[in-house]
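Asks: Here it is, the structure, as structure tokens.
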Amino acid sequence: MNLSQGYGVPVSAQQGERLLLSALDAGVTLFDTAALYGFGANESLLGQVLKGHRQKFTLASKCGLLGVDKHGDGKMVRVIDGRPKTLQETCEASLRRLQTDVIDLYYLHRLDKSVPIEESVGALSDMVKKGHIRAIGLSEMSATTLRRAHAVHPIAAMQSEYSLWTRNPEIAVLQTCIDLGVTFVAFSPVARGFLGGEPLEPAAFDVNDFRRAMPRFEPANFAVNSRLLPGYIAIADETGCTPSQLALAWLLHQGEHIIPIPGTTRTEHLLENLAADMVHLNSDTLHRLNALINQNTVAGSRYNLQGNADAETEVF
């Protein structure tokens, strides 16, 4: 996502190509995109750059959350649409942009509360039968919805935000994933860059940086949250790793079924992130991290009112 939207101006096609090929060379075997990212631009980038390497990696994309020209003025509006016909059309368009015959893991990006989950997953199941996709995933959905979906067709993965400062999946989703044999994929594992080790100045964020609308980066909340960083950085120093590696290592220690997917636009950060699996955290370090950064010590919700309405996961 970072290459095409979210944190300001998208990177150039050349920079995106360099990063993707560097990731492939470094041994990355999972690439995660979506129809929403750049309103199709990110899928097109991956398709163009990686089409000659398709057998070397698992390709994941998403449907059910996309850009639509609702007003006929050429301006794309973000829309949640889980109707079977829309999902099939989105998949066909994604296959063309990705320049592939099949998507390995296809997520329902968000729950369309006007469409029963059984209908949306039923449509995805039909895509499996047609050979358009290989496995089905869900994103930002509750444990109850996961169980209902799994009863229609096996769900391979649940993707939601999870990090030291976002603990929502711990309420029920993580255990449900274990119960059903579902992999949990953690997005924003470095807390939207907050735990990345580089000083952030929310007032200087690009006008298109979506963190501007996130309550945790509002001045009062950010001031409270920033007080957590000195202790966190001290733990990283004691452990002998970088702050971002510490955030990723913490996730890797939460369970074998958990896969963090850090995003970046810089090769040096990519390589830094990949080294996180070499970081060992003892029980004392894990206890200190959990006590320092958790749902009770972080100020502000994940999203504004609209974002919270779109995400179905339980909230603390």
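Residues are listed down the side, and each one gets a yes or a no for (1) buried (at least 24 other Cβ atoms within 10 Å of the Cβ); (2) free of Cβ contacts under 8 Å to residues at least 60 places away in the same chain; (3) more than 22 Å from Phe31 (Cα to Cα):
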position	(1), (2), (3)
Val102	no, yes, no
Tyr107	yes, no, no
Ser114	no, yes, yes
Asp126	no, yes, yes
Lys129	no, yes, yes
Ile133	yes, yes, no
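Asks: For Gly40, indicate whether it is touching a helix residue (DSSP H, G or I) at 6+ places or on another chain (Cβ under 8 Å) and either of a type outside the set (Gly, Ala, Ser) or at positive phi (or both).
Replies: Yes: the conditions hold for Gly40.
Asks: Would you call Leu36 farther than 20 Å from Val185 by Cβ, in contact with a Gly (Cβ under 7 Å, 6 or more places away or on another chain) and modelled with pLDDT of 95 or more?
Replies: No, not satisfied.
Asks: Has segment 267-275 got at least one residue that is of a type outside the set (Lys, Arg), part of a loop (DSSP other than H, G, I, E, B) and touching a residue at least 12 places away in the same chain (Cβ under 8 Å)?
Replies: There is no residue in segment 267-275 that is of a type outside the set (Lys, Arg), part of a loop (DSSP other than H, G, I, E, B) and touching a residue at least 12 places away in the same chain (Cβ under 8 Å).
Asks: Any idea which of Pro199, Pro230, Pro219 is in the same structural domain as Asp284 (by TED's automatic domain parsing), more than 19 Å from the chain's Cα centre (by Cα) and either at pLDDT below 95 or crowded, with 21+ Cβ neighbours inside 10 Å (or both)?
Replies: Going through Pro199, Pro230, Pro219 in turn, just one is in the same structural domain as Asp284 (by TED's automatic domain parsing), more than 19 Å from the chain's Cα centre (by Cα) and either at pLDDT below 95 or crowded, with 21+ Cβ neighbours inside 10 Å (or both): Pro199.
For (1) modelled with pLDDT under 95; (2) among the charged types (D, E, K, R); (3) closer than 30 Å to Ile171 by Cα; (4) within 20 Å of the chain's Cα centre (by Cα), each residue gets a yes or a no:
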position	(1), (2), (3), (4)
Thr90	no, no, no, yes
Ser94	no, no, no, yes
Thr100	no, no, no, no
Arg110	no, yes, yes, yes
Ser114	no, no, yes, no
Ser120	no, no, yes, no
Gly137	no, no, yes, yes
Glu140	no, yes, yes, yes
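Asks: Can you tell me which residues in segment 1-45 are in contact with a strand residue (DSSP E or B) (Cβ under 6 Å, 6 or more places away or on another chain) and either closer than 25 Å to Ala213 by Cβ or assigned to a helix (DSSP H, G or I) (or both)?
Replies: Across segment 1-45, the qualifying residues are Tyr7, Gly8, Asp32, Thr33, Ala34, Ala35, Leu36, Phe39.
Asks: Restrict the check to segment 233-252 and report whether at least one residue is assigned to a loop (DSSP other than H, G, I, E, B), hydroxyl-bearing (Ser, Thr, Tyr) and either at pLDDT below 95 or within 27 Å of Leu3 (Cα to Cα) (or both).
Replies: Yes, segment 233-252 has at least one match.
Asks: May I pose another question? Output the residue which, of all residues in segment 18-36 that are within 16 Å of Gly137 (Cα to Cα) and among the small types (Gly, Ala, Ser), is surrounded by the most Cβ atoms within 10 Å (Cβ to Cβ).
Replies: The extreme case among them is Ala34.
Asks: One residue is enough: does segment 285-292 have a residue meeting the conditions without any contact (Cβ under 8 Å) to a residue 40 or more places away in the chain, surrounded by 20 or more Cβ atoms within 10 Å (Cβ to Cβ) and out of contact with any strand residue (DSSP E or B) (no Cβ under 9 Å at 6 or more places or on another chain)?
Replies: Taking every residue of segment 285-292 in turn, none turns out to be without any contact (Cβ under 8 Å) to a residue 40 or more places away in the chain, surrounded by 20 or more Cβ atoms within 10 Å (Cβ to Cβ) and out of contact with any strand residue (DSSP E or B) (no Cβ under 9 Å at 6 or more places or on another chain).
The values are calculated or read from the model by the stated rules, or taken from the named source; none is laboratory data. Note that the structure is predicted; figures quoted are calculated from it, not measured. Note that each Cβ is placed from the backbone with ideal geometry, even for glycine, and that neighbours are counted across all protein chains shown.
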